[in-house]
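Q: Below are the structure tokens for one structure; questions will follow.
Every read-out reported here was derived from the displayed coordinates using simple, explicitly stated rules and does not represent laboratory data. Keep in mind the model is a prediction, meaning the values are calculated, not measured. Here the Cβ positions follow ideal geometry from the backbone for every residue, glycine too, while neighbour counts run over all protein chains shown.
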Amino acid sequence: MQTVACFGDSLIYGFPFGPRISWLAEAEKLTGDKFLNYGVCGDCTDDILSRLKTMTLPAHIKHILFLGGANDIIQMHPQKFILEDLDKTLRYCQSKNFDLGIV
């Protein structure tokens, strides 16, 4: 069994029903893996990265899932900034020896 810390926007959180009925909760049931839900509705990639960098994760976490960017597009953030945030996320995860999946 793996534990994955999932960071993102409402698509991670499970809007509109909440984390208990999110796709992460369903994935847990199907796979037996544990998905920690660190999604926040409305977050942009810079918000998600900030939360990832400042949150103290359990020591056994080795896998990070990052899902974001839709709110950046809605708020008309330049593509350059979104890609820079994703690059910063990758570099941060590499420095912490996390396996990163970007959705």
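Q: Residue 15 versus residue 90, label points 7 Å from Cα toward the beta carbon: distance in nm?
A: That separation, rounded to one decimal, is 2.7 nm.
Q: Stretch residue 97-residue 26 to full length: gain in nm at 0.36 nm per residue minus the Cα-Cα span?
A: Values: separation 71, 0.36 × 71 = 25.56 nm, distance 2.72 nm.
Separation in residues times 0.36 nm, less the Cα-Cα distance, equals 22.8 nm.
Q: While we're here: Full-extension gain between residue 79 and residue 53, please, as 0.36 nm times their residue separation minus the C-alpha to C-alpha distance.
A: Values: separation 26, 0.36 × 26 = 9.36 nm, distance 2.17 nm.
Extra length from residue 79 to residue 53 when fully extended: 7.2 nm.
Q: Let me ask something additional. Relative contact order of the chain, please, whole-number percent, based on alpha carbon pairs below 8 angstrom and at least 6 residues apart.
A: Over the chain, the number comes to 32 percent.
Q: Fewest to most neighbouring Cβ within 10 Å: what's the order for 40, 103?
A: On the way: 40 16, 103 11.
Result, fewest neighbours first: 103, 40.
Q: Taking the chain, how many lysine pairs are there with alpha carbons less than 27 Å apart, if each pair must be eight or more places apart or span two chains?
A: 14
Q: Take the alpha-carbon positions of the chain, form their convex hull, and give its projected area averaged over all directions (one quarter of the hull surface) in nm². Write out the running numbers ahead of the final one.
A: Numbers: hull surface 25.0 nm².
Mean projected area of the Cα convex hull: 6.2 nm².
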